[in-house]
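To start, I am sharing the structure in question, which I have written as structure tokens.
What follows is calculated from the coordinates using simple rules that are stated; it is not laboratory data. Just so we're clear, the structure is a prediction, and the values are computed from it rather than from any experiment. Because the Cβ atoms are built from the backbone with ideal geometry, glycine has one as well, and the counts that use them run over all protein chains shown.
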Amino acid sequence: MGEGRQRRVLIAGFKHETNTFSQLPTTLDSYNARALIYGAEIPKKLRHTKSEIAAFLDACATNGWQPIHPVYGDATPSGKVTEDTFEHITTTIINALRDEAPVDAIMLALHGAMVCTHVEDGEGELLHRIREHTEPDLPIAITLDLHANVTDQMADLADIIVAYRTYPHIDQYEIASEAAELLRRTLDGEIRPACTVRRGNMLDGADHGRTTAPGPMTEVLESARKMTSNEGVLSISIAAGFPWADMRDTGPSTLIVSNGKKSEYADMADSLIDQIWQSRSRQSIQTFTIEAAMASVTSRPTSEGTFVLADYADNPGGGGYGDSTPLLRAMIEADLQDAAYGMIYDPVAVQTCIEQGLGGHAVVAIGGKIDPHFGEPIAVTGRVVTITDGKLRLEGPMMAGTPVDMGPTVVLQVGGIDIVLTSGRFQCYDRMYFEHARVDLTRKSVIVVKSAHHFRAAFGPIASQILVVDSGAGLTSKNFRELPYENVRRPVYPLDMD
Ligand SMILES: [Zn+2]
């Protein structure tokens, strides 16, 4: 780069966590439903949030780089990304590389578990396509979700990879700042980073990445933190993997960014993998059946505060359809009072409720529409107590400030249960999903969320007790042995060994 010219850094986001067992394809509509934004809209929507993009933009401002931000896309986890969708977002990034040349560096916010209909390793393919249009030494820094399945292709093609270190994920901004600082040091000629990734024979491990209580994940993160002081080690990430993506490299991985590549870094990464292997059977949470959870809820003294129940098996944040009904059915049958349920994805039921109008009585069949194998629709009569446009801003701690648009949303009161029905599929990890619809959580004794673990950041502080319910009825149940894996490398724990 010539002296005096301002550095130009391309920033983009293309995220997806693909549940390959889902029959819902991931299309441009899926991205539009969550986030698909272009150009000047990107800083307008994301600048003052806790997102990776905000950190990238701040790094540009701090370092005097000129940001180029063609596209940011994120979709709720679902089935494979269609070829058209992948091509559209990838081409938008590549066109910007060409049209905005010269570009001195690239920063990408990715998830790291994208599987497409035409290619297994979505992020690897994206990087491959980008590399076809850049000099081999143009530095690329990427951030990944803690639940990334990191492939060799990704580690070969990116110079800097940093993954979140918290689950619930509340450190996107900090992780992206770390990646951006390594990029700055690279551009300034201080370091020449390279990535080394290692995997074990595991589909799932490190307690699925939970960092809310001491356990396998916090222990391996601590080992990684100590290793980071070793000569030449720039950053270490532990990815717990996303087991519901059936691809060759699925599972936990350890990733070292080092100054130059040497076999000793592979040995370090292997020792961390070994630690994950040794702890593979340890879990920091206990899951309950629906029967056990209902028994616990109905027998508690009323003075005991708020019970928060997680509908673990149908978590839209992991690709669950968001409309499975067995837990809600059990709540209705138990005639729970002062209860709230968030959320059931059912655009048809939402329309029926809207037609009845506010205060009207609606007779509807809710949920169970996408795959009734996970629970039939429930026929209910309820009162429509709220109708909203489904627009809200997350209050955090996770992704605080991020705008969300769920589409038309209603609260249907069935007996003592306020049920939030939505037109979009969203994981319920923020209190605003209820509060924007005027569900007063301070008056609830039972709150149920379709979420596996992220809900703890926002709902933990108001819960007197948390029960994680794995009904088996959903695409994110931990019954791995019942899923039709075809592509993951074998043998692999826990499919082939205990
Ligand atoms: Zn994650």
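Under a Cβ-Cβ cut-off of 11 Å, what is the net charge of the residues other than Thr476 that fall near it, where Lys and Arg count +1 and Asp and Glu count -1? Before the final figure, lay out each step's value.
On the way: positive: Lys450, Lys478; negative: Glu17, Asp311, Asp314, Asp470.
That sum, taken over residues with Cβ under 11 Å, equals -2.
So what is the relative contact order of region 399-498, in percent, for Cα pairs below 8 Å that sit 6 or more residues apart?
16 percent
Report, in whole Å, the centroid distance computed from the Cα atoms of region 42-82 and region 406-433.
A separation of 28 Å, based on Cα centres.
Calculate, for Ser303 and Ser223, the FRET efficiency according to 1/(1 + (r/R0)^6) with r their C-beta to C-beta distance and R0 45 Å; round to the nearest 0.05. It would help to have the intermediate numbers written out before the result.
Details: r = 43 Å, r/R0 = 0.96.
So the FRET efficiency works out to roughly 0.55.
Taking H as built 1.01 Å from N, whose amide H comes closer than 5 Å to the amide H of Leu234, not counting residues under 5 places away?
Distant-sequence amide H within range of Leu234: Val257, Ser258, Asn259.
Continuing with the same structure: With respect to the cross-link table entries Lys15/Lys80; Lys15/Lys50; Lys15/Lys450; Lys50/Lys450; Lys44/Lys80, which display a Cα-Cα separation exceeding 19 Å?
Details: Lys15/Lys80 12 Å; Lys15/Lys50 16 Å; Lys15/Lys450 21 Å; Lys50/Lys450 23 Å; Lys44/Lys80 30 Å.
Too far apart for the 19 Å limit: Lys15/Lys450; Lys50/Lys450; Lys44/Lys80.
Is the chain best put as rounded, prolate or oblate by its Cα gyration tensor, with a ≥ b ≥ c the root eigenvalues, rounded for a/c under 1.5, and otherwise prolate when a/b is larger than b/c, oblate when not?
Numbers: a/c = 1.97, a/b = 1.52, b/c = 1.29.
Taking the square roots of the gyration eigenvalues as a ≥ b ≥ c, the chain is prolate.
Return the whole-Å distance between the Cα centroid of region 128-192 and the Cα centroid of region 265-291.
The two parts, judged by their Cα centres, are 24 Å apart.
Loop-only chymotrypsin sites (Phe, Trp or Tyr not before Pro) in region 277-360, please: DSSP not H, G, I, E or B, and at most 14 other Cβ atoms within 10 Å. Please report the intermediate quantities before stating the final value.
On the way: sites: Trp277, Phe288, Phe307, Tyr312, Tyr321, Tyr341, Tyr345; in loops: Tyr321.
Taking region 277-360 and a limit of 14 other Cβ atoms within 10 Å, no loop chymotrypsin sites (Phe, Trp or Tyr not before Pro) are found.
Once a ≥ b ≥ c are taken as the square roots of the eigenvalues of the Cα gyration tensor of region 8-278, is the result rounded (a/c under 1.5), prolate (a/b larger than b/c) or oblate (a/b not larger than b/c)? All intermediate terms of the calculation are to be shown ahead of the outcome.
Numbers: a/c = 1.57, a/b = 1.15, b/c = 1.36.
Oblate, since a/c reaches 1.5 and b/c is not below a/b.
Among all the lysines, which ones have a C-alpha under 24 Å from Lys262's C-alpha, if same-chain residues fewer than 8 places away are not counted?
Reachable lysines: Lys226.
Does region 287-478 come out rounded, prolate or oblate by the C-alpha gyration tensor, with a ≥ b ≥ c the root eigenvalues, rounded set by a/c under 1.5 and, if not, prolate when a/b is larger than b/c and oblate if not?
In terms of gyration-tensor shape, rounded.
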